[in-house]
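The values are calculated or read from the model by the stated rules, or taken from the named source; none is laboratory data. It should be emphasised that the depicted structure is a prediction, and the values quoted were computed from it without experimental measurement. In this analysis, Cβ positions are derived from the backbone assuming ideal geometry, glycine residues included, and neighbour counts consider all displayed protein chains.
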Amino acid sequence: MPEQQNIEYKQSWHDDYLKWVCGFANAIGGIIYIGIDNKGNVTHLADYAKLMEDIPNKIRNSMGIICDVQLEDKQGDKYISIQVNPYSVAVSLRGRYYYRTGSTKMELTGVELNEFLLKKAGKTWDDVVEEGATMKDIDEKSIEKFIADSKEKGRMPDTKGLSDFQILEKLQLTEGKKLKRAAIVLFGKDPNRFYPNVQVKIGRFGSDSTDLKFQEVVEGNIVQMLDEVQLQLNHKFFIRPVDFTGMQRSEKDEYPVAALREMLLNALIHRTYMGVHIQLRVFDDRLSIWNEGALPFGLTIEELKGEHNSRPRNPKIAKACFMAGYIDTWGRGTLKIFNSCLDYGLPEPSIIEKEGGFMVTLYKTVQSAVDGGAIGGTIGGPIGGPIGGPIGGPIESLTDRQIEVLKLIEEDNKLTKRKLAEKLDINVSAAQSHFDTLKEKGIIERIGGTRGYWRILIEL
């Protein structure tokens, strides 16, 4: 039987495998076989008697949990099975938390750890009470606009005669007499007083990120920022091309409004609010928006391009935005971005995980999508290397780490970002960045979707 999400084979025991036990306990559980190779062949354990005594004690002493450790026999060859059950509470190994996702084990730190601990406690970040907040911190006009928007969609129960606090109660944004974090982010007078960087920074660039022309910072709650960001873009950042049809003059937006609105809503709803601000970059030939917060465990970039289940990072915020008609709850936001660009005659947007966050990029033209803008050349000229030769240049132009990644791909053309992260001892975002860089250089390409494989385009 091959390795699976909940099965791990090890030829011999090392104390480092306690991390795998911890990862299984924090996820969906699993089985670790000691004395079996990656192909499922029993290799025989000479020290099985000692291990049968040591392993249960090490698990109990280091993590405080009990696992079912059994001695198995196959035609006289001994091996050990460790059955790890999932735990409803967070399990740590010497103060560190590990999680099994897919076929890899990862250490949880920072924001991911905070969200994991809240989840184990049955909470999400936005569902936590903000002890220092009162109704004096809530903007009445934002609630009024929210109610007006919700009435258009008919999703909000009748609020006639209700106080602002009672409206927040209906939205499940209170606990007793106290306000939850979601209430502050959605309707707060000054959310930055409670959480840093509740803002969207917009920059106008030339052809690349080194050419900053001017910038604006939009602050406020979600209801306010949703309108203000769009207003700033239209008035200061976009040049609207004029399309003359017959005798009538009409203006065509640079990008489809539906795509822009979905990108902004996704960033506002799914961001990590204890992280850095949302960053919106407007270039000559493209527009990108980045927010901190990686994809939920188990969800891939390819799945975002089609129908997928909605798994919001901040469900209380998401539910309120649904009531107002800003979003639906069917996981169609990214699909709407793709379809609206297609209908508009624009290239397919790009979606990548980058620097612990999530970035969506829209392109104005096909050329923009191909070369990312005229940086160093145009189609028909060199874009970092002659057309007809290896795109992206010879292997000598790559870093040692990039060459190492290529060799790992050569060994396993179905290499995932999480397996790469484990092999290089880096985080998943850094692993994805290596894939993205090599793709941009024309060194590798992806064949197929989530079940596809990598193809190397140069000679190693």
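Yes/no matrix, rows are residues, columns are (1) out of contact with any helix residue (DSSP H, G or I) (no Cβ under 8 Å at 6 or more places or on another chain); (2) in a helix (DSSP H, G or I); (3) among the basic types (Lys, Arg):
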site: Asn38; (1), (2), (3): yes, no, no
site: Ala49; (1), (2), (3): yes, yes, no
site: Glu53; (1), (2), (3): yes, yes, no
site: Pro56; (1), (2), (3): yes, yes, no
site: Asp73; (1), (2), (3): yes, no, no
site: Ser81; (1), (2), (3): yes, no, no
site: Pro86; (1), (2), (3): no, no, no
site: Tyr98; (1), (2), (3): no, no, no
site: Met106; (1), (2), (3): no, no, no
Tell me which residues, restricted to the stretch 2-45, are on the phi > 0 side of the Ramachandran plot and more than 29 Å from the chain's Cα centre (by Cα). Gly35, Gly40, His44
In this structure, does Thr159 turn out to be modelled with pLDDT under 95 and within 20 Å of Cys321 (Cβ to Cβ)? yes
Select from the stretch 154-199 the residues that are of a type in the set (Val, Ile, Thr) and over 19 Å from Thr124 (Cα atoms) and write down the one among them that is surrounded by the most Cβ atoms within 10 Å (Cβ to Cβ). Ile167
Filter result for Asp149 (over 30 Å from the mean Cα position of the chain (by Cα) and either part of a loop (DSSP other than H, G, I, E, B) or under 30 Å from Leu280 (Cβ atoms) (or both)): no
Among the residues of the stretch 49-60, is there at least one that is closer than 24 Å to Ala430 by Cα and either in contact (Cβ under 8 Å) with a residue 60 or more places away in the chain or surrounded by fewer than 20 Cβ atoms within 10 Å (Cβ to Cβ) (or both)? no
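Going by the conditions given, is Lys78 surrounded by 18 or more Cβ atoms within 10 Å (Cβ to Cβ) and either on the phi < 0 side of the Ramachandran plot or of a type in the set (Phe, Trp, Tyr) (or both)? Show your work before the answer.
Details: surrounded by 18 or more Cβ atoms within 10 Å (Cβ to Cβ): yes; either on the phi < 0 side of the Ramachandran plot or of a type in the set (Phe, Trp, Tyr) (or both): yes.
So Lys78 passes the test.
Let's see how each residue does on (1) under 25 Å from Lys417 (Cα atoms); (2) crowded, with 18+ Cβ neighbours inside 10 Å; (3) within 17 Å of the chain's Cα centre (by Cα); (4) not aliphatic (A, V, I, L, M):
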{"residue": "Arg94", "(1), (2), (3), (4)": "no, no, no, yes"}
{"residue": "Tyr97", "(1), (2), (3), (4)": "yes, yes, no, yes"}
{"residue": "Asn114", "(1), (2), (3), (4)": "yes, no, yes, yes"}
{"residue": "Leu117", "(1), (2), (3), (4)": "yes, no, no, no"}
{"residue": "Lys123", "(1), (2), (3), (4)": "no, no, no, yes"}
{"residue": "Glu130", "(1), (2), (3), (4)": "no, yes, no, yes"}
Report yes if some residue within the stretch 413-434 is assigned to a loop (DSSP other than H, G, I, E, B), modelled with pLDDT of 85 or more, in contact with a helix residue (DSSP H, G or I) (Cβ under 8 Å, 6 or more places away or on another chain) and surrounded by 14 or more Cβ atoms within 10 Å (Cβ to Cβ); otherwise report no. yes
